[in-house]
Structures are given as structure tokens and as C-alpha cells.
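Chemist: Let me give you the structure first, and then I'll get to my questions.
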Amino acid sequence: GENVEQHPSTLSVQEGDSAVIKCTYSDSASNYFPWYKQELGKRPQLIIDIRSNVGEKKDQRIAVTLNKTAKHFSLHITETQPEDSAVYFCAAASGGYQKVTFGTGTKLQVIP
Amino acid sequence: GAVVSQHPSRVICKSGTSVKIECRSLDFQATTMFWYRQFPKQSLMLMATSNEGSKATYEQGVEKDKFLINHASLTLSTLTVTSAHPEDSSFYICSARRSQGNTIYFGEGSWLTVV
């Protein structure tokens, strides 16, 4: 089955700096890669996603890149703000999105 | 955006009893719903995939007779924890795959405490 690895597990950045979270996946059939932000005790919120026919996608301060050959994808947050502090999960899906495998999560702390 | 509602948000039950958690897609049809369990400070662990009108597919190690899943309509899936034990206490969360676009949305989650 699919295996998704996520690094780092924790990340602290100064407000205004950039944050990068990286994920690798094992199943070459995976073709959908969403990123979720989860605050403590709350539901994960979809923040951005990318499909395998696209190499990069950007939405304001958030961007995701995908390298299908290397089987890795990354989340980039620029100009970080304290409200960006949360746990971020990457995920990979395949088989008509019948199964979604999550990474282990990254706890991001933005220091004011 | 699309809304997935999960109920109850918190439930306390006695050991040996059963508890049902509902997951509803409010403004879209979801042919597939997923049930996850999340321990504190850990990732979401997929328990089962629920397809409307068919039996759920359980992940390895998940007891299908203990965690009963029913997906009777395109907008509702239920998870019933039967004969609950304290070790079943956890945060259970569902997600629904929107048929159009295939985007996945999460419910609010349910905190289950078995005493």
C-alpha cells in the first residue's frame, strides 16, 4: 500500500519568514495530493491540493510543488503569521481517490 | 465550501455499551466516506472506507464487528462502536469525497470517552 512520509515533525519560524514542509510517497499510482491544516481538537481543513498533471500550484501565501519522478511534494508558506501555527498534514490518494493516506504531520509554530 | 457535519461532537458512554456517530455531507453527494481515528498529537489513522450501498472496506487490524459502518445514502454514513471499552476512547473523524471534483472534506470530529 501507499506510504507517506512527512518532515519535519516540528518546525518553528519567526513571523514573516517562510516555512517548508516536505512529503514523499511510495505509490506511483497516487495522483492527488491535498494538504490539511488542523488546529487542536478541530477538523482538518483543506488548504491547498495538487493533482499529478500539475507541477506547482499557488494560492496567496501558500504554494505546493510536486515532483512525480522523485515522488515528493512540498508545502511552502511565505510571510508566515502567528495564525498559521497549527499541525499540517500532507496526503496522497489514488485509485479514483478511494483511499487517502496521510503523513505523520508537522507542528508549525510561528513566533511573533 | 462543501460542508460535512459530524454528530455528536462529544459523547461519554459506559463500558460495554454501543455508541453511534453520524457523518453527513450537507450540500453534496458523497459516494465515498472515510472514517479515521486520531490519538493525541498523532496523525489520522484510516479505519475504513465506506461506499454508498456496499460493504465498507476495513484497514488491517480494524475489527469490522466492533466498528460497524453503514453508508445507506449518498449523504450519510454511520460508525457504531459496539461493546465499547476505555481503550476505544479517542477522536473519531469522518471525511467525505465529493463526487464532483473528488475533493475530500472532513467532519468536525467526535470525541468518544468510554468510562
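Values quoted throughout were computed directly from the atomic coordinates according to the rules given, and no laboratory measurement underlies them. Treat the numbers as computed from the prediction; the structure is a model and nothing was measured. Glycine gets a Cβ as well: all are built from the backbone with ideal geometry, and neighbour counts include every protein chain shown.
Chemist: How long are the semi-axes of the equivalent ellipsoid of the stretch B:67-114, taking √(5λ) for every eigenvalue λ of the Cα gyration tensor, in whole Å from largest down? Could the numbers behind the result be given before it?
Modeler: Numbers: eigenvalues 122, 34, 8 Å².
Semi-axes, largest first: 25, 13, 6 Å.
Chemist: What is the local net charge at B:Cys94, summed over the other residues whose Cβ is closer than 13 Å to its Cβ (Lys, Arg +1; Asp, Glu -1)?
Modeler: On the way: positive: A:Arg43, B:Lys20, B:Arg24, B:Arg37, B:Arg97; negative: B:Glu22, B:Glu108.
Local charge sum for B:Cys94: +3.
Chemist: If you don't mind, another one. Running a GNM on chain A with Cα contacts under 10 Å, which residue among A:Asn31, A:Asn67, A:Asn53 ends up with the highest mean-square fluctuation?
Modeler: Highest fluctuation among the options: A:Asn53.
Chemist: With a sphere of radius 15 Å drawn around the Cβ of A:Lys57, what net charge do the other residues whose Cβ falls strictly inside it have (Lys, Arg +1; Asp, Glu -1)?
Modeler: Details: positive: A:Arg51, A:Lys58, A:Arg61, A:Lys68; negative: A:Asp49, A:Glu56, A:Asp59.
Within the 15 Å Cβ shell, the charges total +1.
Chemist: Run through every distinct alpha carbon pair of chain B and return the Kirkwood hydrodynamic radius in angstroms, one decimal place.
Modeler: On the way: mean 1/r = 0.0716 Å⁻¹.
Computed over chain B, the radius equals 14.0 Å.
Chemist: Quick one: dipole size for chain B, taken about the Cα centre, charges +1 on Lys/Arg Cβ and -1 on Asp/Glu Cβ, in debye to the nearest 20.
Modeler: On the way: 11 positive and 9 negative charges, 13 e Å.
My answer is approximately 60 debye.
Chemist: With springs connecting C-alpha atoms under 10 Å apart, model chain A as a Gaussian network and identify which of A:Gly55, A:Gly16, A:Gly41 has the largest mean-square fluctuation.
Modeler: Its mean-square fluctuation being the largest, the pick is A:Gly41.
Chemist: Can I ask one more? Over 18 Å between Cα atoms: which of A:Lys37/B:Lys64; B:Lys14/B:Lys66; A:Lys22/A:Lys58; A:Lys22/A:Lys57 fall into that group?
Modeler: Values: A:Lys37/B:Lys64 30 Å; B:Lys14/B:Lys66 15 Å; A:Lys22/A:Lys58 16 Å; A:Lys22/A:Lys57 15 Å.
The pairs that break the limit, which is 18 Å between Cα atoms, are A:Lys37/B:Lys64.
Chemist: Exposure proxy check: A:Glu83, B:Glu52, A:Glu5 ranked by fewest other beta carbons within 10 Å? It would help to have the intermediate numbers written out before the result.
Modeler: Numbers: A:Glu83 8, B:Glu52 17, A:Glu5 13.
Starting with the residue having the fewest Cβ neighbours, the order is A:Glu83, A:Glu5, B:Glu52.
Chemist: So for the pair A:Lys42, A:Ser12, with labels modelled 7 Å out along Cα→Cβ, what separation do we get in nm?
Modeler: For the pair A:Lys42/A:Ser12, the computed spacing is 2.3 nm.
Chemist: With no solvent and one point per C-alpha, what does the Debye sum give as log10 I(q)/I(0) for the stretch A:28-112 at q = 0.17, 0.22, 0.23 Å⁻¹?
Modeler: Values, matching the q order: -0.70, -1.10, -1.17.
Chemist: Roughly how big is chain A's charge dipole about its Cα centre, with Cβ charges of +1 (Lys, Arg) and -1 (Asp, Glu), in debye to the nearest 20? It would help to have the intermediate numbers written out before the result.
Modeler: Numbers: 12 positive and 12 negative charges, 67 e Å.
So the magnitude is around 320 debye.
Chemist: For the stretch B:2-67, compute the orientation-averaged projected area of the C-alpha convex hull (one quarter of its surface), in nm². Write out the running numbers ahead of the final one.
Modeler: Details: hull surface 23.1 nm².
Mean shadow area of the hull around the Cα atoms is 5.8 nm².
Chemist: Sticking with this structure for a sec: First select every other residue whose beta carbon is under 15 angstrom from the beta carbon of B:Glu59; then total the charges, Lys and Arg +1, Asp and Glu -1. Mind showing how you got there, number by number?
Modeler: On the way: positive: A:Lys99, B:Arg37, B:Lys55, B:Lys64, B:Lys66; negative: A:Glu2, B:Glu63, B:Asp65.
The answer is +2.
Chemist: Would you please state the base-10 log of I(q)/I(0) at q = 0.07, 0.14 1/Å for the protein assembly as shown, with intensities from the Debye formula using one equal scatterer on every alpha carbon?
Modeler: Computed log10 I(q)/I(0) values: -0.22, -0.87.
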